[in-house]
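Q: Sharing a structure, written as structure tokens. Questions coming.
The values are calculated or read from the model by the stated rules, or taken from the named source; none is laboratory data. Predicted, not measured: the structure shown is a model, and the values here were computed from it. Here the Cβ positions follow ideal geometry from the backbone for every residue, glycine too, while neighbour counts run over all protein chains shown. Heads up: the accessible areas ignore ligands, DNA and RNA and are worked out on the full protein's heavy atoms, side chains in. Shrake-Rupley method; radii C 1.70, N 1.55, O 1.52, S 1.80 Å.
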Amino acid sequence: MSKREFQTEVNQLLQLIIHSLYSHPEIFLRELISNSSDALDKLRHLTLTDDVYKTVPFDPRIDLDLDEEAKTLVIADTGIGMNEEELVSHLGTIARSGTKNFLSQLSGDAKKDSNLIGQFGVGFYSAFMVADKIEVVSRKAGEELAWRWTSDGKTGFEIEPAERLVAGTTILLHLNEEGKQYANSWRLQEIVKKYSNHIAFPIFLTYDKSEWNEEEKKSIKTRTTEQVNAASALWRRSKNELEPEDYKELYKSITGDSQDPLFWFHTKAEGSLDYTTLFYIPAKAPLDLYQAEYKVGVKLYVKRVFIMDDAKELLPQYLRFVRGIIDSEDLPLNVSREILQQNRVLTSIRTASVKKILSELKSIATNHPDEFAKFTAEYNRPLKEGLYGDYANRETLLELVRFKSTKVEGRTSLADVKSRMKEGQKSIYYITGGAESLLRTSPLLEIYKKKDLEVLILDDDIDEIVFSGIDKYSEIDIKAVNKAGTSEDFKDDAEADKTDKEAQAENLKPLLEKLKATLGDRVKDVRVSERLADSPSCIVSDEEEPSIQMQQMLRAMGQTDFPAPKPTLEINPDHEIVKKLLARPEDATAEDAAWLLFDQALLMEGVALQDPANFVQRLNRILNLSI
Ligand code: ADP
Ligand code: MG
């Protein structure tokens, strides 16, 4: 037997691991199983590629053996194994470049260092959190001799020849005070299912199973071996091996949803980064879709080992309805949340995943519009959030979002709106600010109806915020109809009867002045409208100003640090009421009429009146006259 000291860095690392991971020591099992899985992968690879190993029998399995009485736990595999030299270098020194790197960055500040640890593997040493003595017996594939490595994780390790029937590694943990909780078969099964369910190899647990014996009328313990993991990382198999049923089953098992998903997108990336993603779109939007504390639906795996399922950084927030799996080959098992936020590997996976999801959706939209309509019904609004937040994918998102419109039943795409544009039409128009019924009857739409121009009806609460930031779709201007300024599309007309208009404006001037004087500082301006046909009046806002509905909303949310909204009142010179007012400027009802023109325009835009009592009195005075 030979006694060796640990390399000094090993001691340092051990202390740090124990210090930083003490809150969830159960990860030791995840680490050891992952090492076994790596060792099995390596041997399988050799048996497939190396003639020397072709004849080596390969019976891949991982065995957990629990002795509750003795408080020992064995983790054994039939993998590649280690010879003497490897035991010394892999378990006794810091040979790995990543760890070396890590240690060179240590500052001595415990808190900072324990954050750092998430960037690197913790691996084998984590077992010293739960064991005060570890024995490793390993036999390298293709070699006859086995070796035993023993350590208390403090001073150093001993190494001596041993025996092992076949190649592989057996790790015997003498559980310490902290580790005793794992001398429990339920607990072990639970941990395996949580982290290692999809390890590609079967994991067996041997333990004393208590079962009721009817004859003896008592429960009897029998030594039992059971497989405890599913052993199938379905997402790691190639697409053409998988049936739709396989995908649906996995979906249901990871989400608990009883319905089939709408779509799934399965991607294997190889190259500078190796990872697999499998994303699902649920048939029905998750119930917490619009709650601030929504549950994340994408699970992160590293080499088939479950890492976490609550990382909001895996996908952008607007894709929070997506369910599925990201499985990376390049992240350390111990990756922490803090690290994820600025991890280059994850950033690349995330960027590519978003692109993938959106491009798949786009191809469904093109090739299976009926299927896509189901998607729209559930997820149109979150995609709009994406328009606001995901600048890089705005073009694609604009293709995916669907709109209500004055021209079609149901919803339409911007591409279709574009294809319906009239000869010479310069912009695409939309109206925001209220419920659909209100928008559809808005006086602001009259000129568009008259000119047979399509207007998009944007009735989602976030539409105004989102669309005030979007001014083009494939080179075409997108414009709000409730913003002041005459559209280019009406200019030609305006040009045609310019002299007419000028004469009319001159004629109307006294009325406009009078209205302005009456309404005082409630309006910014009063002017002749070019957008009205049937209504006598309407209100509009300046292009750069939030609309009056928006201002109302901001106010309701407690934002009051801007001046009271001052819309511009526009009047329709061709309307009977306006004509009559013009003909009888000194009429006793003129003042009431002025306010009613203004208030009705506000009402039509869904804006609450400041003084409803006054409005009703005026209305009644006029009613009284006319009855
Ligand atoms: P990592 O897995 O990140 O390399 P670990 O500390 O978990 O770090 O393991 C260190 C090394 O020890 C592994 O890289 C591997 O070479 C070796 N090793 C650990 N466990 C086993 C095992 N069960 N079979 C074969 N080799 C192993
Ligand atoms: Mg490891």
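Q: Considering only DSSP beta bridges where both residues belong to the stretch 234-367, give the percentage that are antiparallel (nearest 5).
A: 75
Q: At 222 nm, what value in deg cm²/dmol follows for the chain if DSSP H runs of at least 4 each add -39500 (n - 2.57) and the sum is divided by all its residues, to the nearest 500?
A: Taken over the chain, the calculation gives -12000 deg cm²/dmol.
Q: Among the lysines, which fall within straight-line cross-link reach of K509, defined as a Cα-Cα distance under 18 Å, with same-chain neighbours fewer than 8 residues apart omitted?
A: K498, K501, K524, K579, K580
Q: From the mean inverse distance of alpha carbon pairs (Kirkwood) and the Cα radius of gyration, derive Rg over Rh for the chain. Present the calculation step by step, with values, prior to reporting the outcome.
A: Numbers: Rg = 35.9 Å, Rh = 30.3 Å.
Result for the chain is an Rg/Rh of 1.19.
Q: What distance in nm lies between label points placed 7 Å from Cα along the C-beta direction at A590 and K194?
A: Roughly 8.1 nm, to one decimal.
Q: OK, next. Before I look further, what does the chain give for accessible area per residue, probe 1.4 Å, in whole square angstrom?
A: Heavy-atom accessible area per residue stands at 49 Å².
Q: Contour minus end-to-end for Y391 and E530, with contour as 0.36 nm per residue of separation and end-to-end as the Cα-Cα distance?
A: 46.5 nm
Q: What does the C-alpha gyration tensor say about the overall shape of the stretch 145-260? Classify as rounded when a/c is under 1.5, otherwise prolate if a/b is larger than b/c, or oblate. Write out the running numbers ahead of the final one.
A: On the way: a/c = 2.20, a/b = 1.36, b/c = 1.62.
It comes out oblate by the Cα gyration axes.
Q: If you average the C-alpha positions of the stretch 372-448 and of the stretch 192-252 separately, how far apart do those two centres end up, in angstrom?
A: Between the Cα centres of the stretch 372-448 and the stretch 192-252 lies a distance of 49 Å.
Q: Follow-up question, since we're still on this one. Over all pairs of distinct alpha carbons, what does the Kirkwood formula give as the hydrodynamic radius of the stretch 298-417, in Å?
A: About 15.7 Å, per the Kirkwood formula over Cα pairs.
Q: Normalising by the residue count of the chain, find the relative contact order in percent from Cα pairs under 8 Å and 6+ residues apart. Could the numbers behind the result be given before it?
A: Details: 1045 pairs, mean separation 54.7, N = 627.
RCO, the chain: 9 percent.
Q: Right, another one. Starting from the Cα of N11, step 7 Å toward the Cβ, then list every residue of the stretch 124-150 with an amide N under 16 Å from that point.
A: No residues fall inside that zone.
Q: May I pose another question? In nm, to one decimal, how far is the modelled label at D477 from the one at E543, with both set 7 Å along Cα→Cβ?
A: If labels sit at D477 and E543, their model points lie 0.6 nm apart.
Q: Sticking with this one: Too long at a 19 Å Cα-Cα cut-off: which of K362/K422; K252/K284; K140/K194?
A: Checking Cα-Cα distances, K362/K422; K140/K194 exceed 19 Å.
Q: Could you estimate the translational diffusion coefficient of the stretch 360-491 from the Stokes-Einstein equation, with Rh from the Kirkwood formula over C-alpha pairs, at 25 °C and 0.890 mPa s, in whole µm²/s?
A: Details: Rh = 15.2 Å.
D, rounded to a whole number, is 161 µm²/s.
Q: Principal axis lengths of the stretch 535-627 from Cα atoms, whole Å, largest first?
A: Largest to smallest, the principal-axis extents are 43, 28, 19 Å.
Q: Rounded to the nearest percent, how much of the accessible area of the chain (1.4 Å probe, protein heavy atoms only) is carbon and sulfur?
A: On the chain, the fraction of accessible area on carbon and sulfur atoms equals 49 percent.
Q: Oh, and also: Evaluate the relative contact order of the stretch 234-367 (contact order divided by residue number), counting alpha-carbon pairs under 8 angstrom at least 6 apart; express in whole percent.
A: 21
Q: Between E158 and A377, what is the label-to-label distance in nm when each label sits 7 Å out along the Cα-to-Cβ direction?
A: A separation of 7.2 nm, rounded to one decimal place.
Q: For the stretch 60-72, take each phi angle, set θ = phi - 60°, evaluate the Karplus expression 6.51 cos²θ - 1.76 cosθ + 1.60, and give the result in whole Hz per residue in order, putting x for glycine and proline.
A: Listing the rounded values in order: x, 6, 10, 10, 9, 10, 10, 10, 5, 5, 7, 6, 10 Hz.
Q: Would you mind checking which residues have amide H under 5 Å from K524's amide H? H placed 1.01 Å from N; only 5 or more apart, or other chain.
A: For K524, the qualifying residues are T568, L569.
Q: Now, a different point. Once R0 is set to 60 Å, what does the formula 1/(1 + (r/R0)^6) return for the Cβ-Cβ distance between E214 and M557, expressed as a FRET efficiency to the nearest 0.05?
A: The value I calculate is 0.30.
Q: Hey, another quick one. Would you be so kind as to identify which of I476, F321, A352 lies farthest towards the positive end of the dipole of the chain, taking Lys and Arg as +1 and Asp and Glu as -1 on Cβ and the Cα centre as origin?
A: Of the candidates, I476 comes out farthest on the positive side.
Q: Now a separate question. Between helix 344-367 and the chain, what is the angle of the helix's C-alpha long axis to the longest principal axis, kept within 0 to 90° and rounded to the nearest 10?
A: That works out to roughly 50 degrees.
Q: Which aspartates and glutamates, on any chain, are close to K268 with Cα under 13 Å apart, when same-chain ones fewer than 8 places away are left out?
A: D327, E329
Q: Here is a further query. Straight distance only, please: which lysines reach the Cα of K404 with their own Cα at less than 16 Å, same-chain residues fewer than 8 apart left out?
A: Filter leaves K374, K384, K418, K449, K479.
Q: Mean separation of Cα pairs under 8 Å and 6+ residues apart, divided by the residue count of the stretch 172-315: what relative contact order is that in percent?
A: Averaging sequence separation for qualifying contacts and normalising by length gives 18 percent for the stretch 172-315.
Q: Enter the mean projected area of the convex hull around the alpha-carbon atoms of the stretch 234-367, in nm², rounded to one decimal. Write down the numbers at each step before the final one.
A: Details: hull surface 33.5 nm².
That works out to 8.4 nm², a quarter of the Cα hull's surface.
Q: A further question on this structure: For the chain, what is the percent of antiparallel DSSP beta bridges, rounded to the nearest 5?
A: Antiparallel: roughly 75 percent of the beta bridges in the chain.
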